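Student: Sharing a structure with you now.
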Amino acid sequence: MKFAPEKYTKRCPVCSLPAWIDCQGGSYDIDCACCGSFRLTDMAAALLPGKLNTGREVALASWFLRQNEGFIISLETISFLENVHPLSVAKRGIELLFVLALMFPDPGNFIPHTLLQVNPIFLRTRNVPRNDIYSGGNMTSKLLDPLKLLAISASQNEQELNWLVQVYLQELGYLRQKTDGYEITIDGWKAIEASDCS
Ligand SMILES: [Zn+2]
């Protein structure tokens, strides 16, 4: 996130999660706690409510924006968001592991379970009035940080994110459960070094 947590009071036009939005010169500069930084032109903004109609499409669009920091959504490029190829579970899992390794880069670092807990107040819904906003006074990094991992792993919700961590990455032996959290195993570090991400 580029700004202090209390600045994330608007709803991201792509994923509905908390975002900082600045409007100027016919476009919106957006920093979403989930999708990251991107720009949206006025014309594309008018079209967006009719696009991305399923949770899966929204999750893939958020993943795409995270992968393409600073992307400009315009009439010419809006189709990129609609046509993101579904990702394999393996790719989603290894990208999540890779980002956890960037956030916790030292051997034996403790990854707190709270980082993977998406607060229910953030359930994605685009069926809300467009002027509906979040209360900045309630925003904290602890609340907002897990939202980034939704986009990184192209997860629609906390259940998918938790499955990737608690089932996929643990059963592969890449993460080890500790009290109230996890650590990356030797096999996990080997997988990170061998992955294309590095
Ligand atoms: Zn977003």
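Student: Being outside any loop (DSSP other than H, G, I, E, B) and within 14 Å of the ligand (Cβ to nearest atom) is the filter; apply it to segment 1-26 and report the residue that is most open to solvent (accessible area, probe 1.4 Å).
Tutor: Per the stated criteria, the residue is Lys10.
Student: Taking only pairs six or more apart or across chains, which ones have beta-carbon atoms under 6 Å, a first residue in segment 78-102 that is within 11 Å of Phe64 (Cβ to Cβ), and a second residue that is open to solvent by less than 60 Å² (accessible area, probe 1.4 Å)?
Tutor: What qualifies is Leu81/Ala61; Glu82/Lys51; Val84/Leu60; Val84/Phe64; Leu87/Ala154.
Student: Considering Leu48, Leu75, which residue is surrounded by 14 or more Cβ atoms within 10 Å (Cβ to Cβ) and either out of contact with any helix residue (DSSP H, G or I) (no Cβ under 6 Å at 6 or more places or on another chain) or touching a residue at least 24 places away in the same chain (Cβ under 8 Å) (or both)?
Tutor: Selected residue: Leu48, the only one of Leu48, Leu75 that is surrounded by 14 or more Cβ atoms within 10 Å (Cβ to Cβ) and either out of contact with any helix residue (DSSP H, G or I) (no Cβ under 6 Å at 6 or more places or on another chain) or touching a residue at least 24 places away in the same chain (Cβ under 8 Å) (or both).
The values are calculated or read from the model by the stated rules, or taken from the named source; none is laboratory data. This structure is a prediction, so every number in the text was calculated from the model and none was measured. In this analysis, Cβ positions are derived from the backbone assuming ideal geometry, glycine residues included, and neighbour counts consider all displayed protein chains. Heads up: the accessible areas ignore ligands, DNA and RNA and are worked out on the full protein's heavy atoms, side chains in. Shrake-Rupley method; radii C 1.70, N 1.55, O 1.52, S 1.80 Å.
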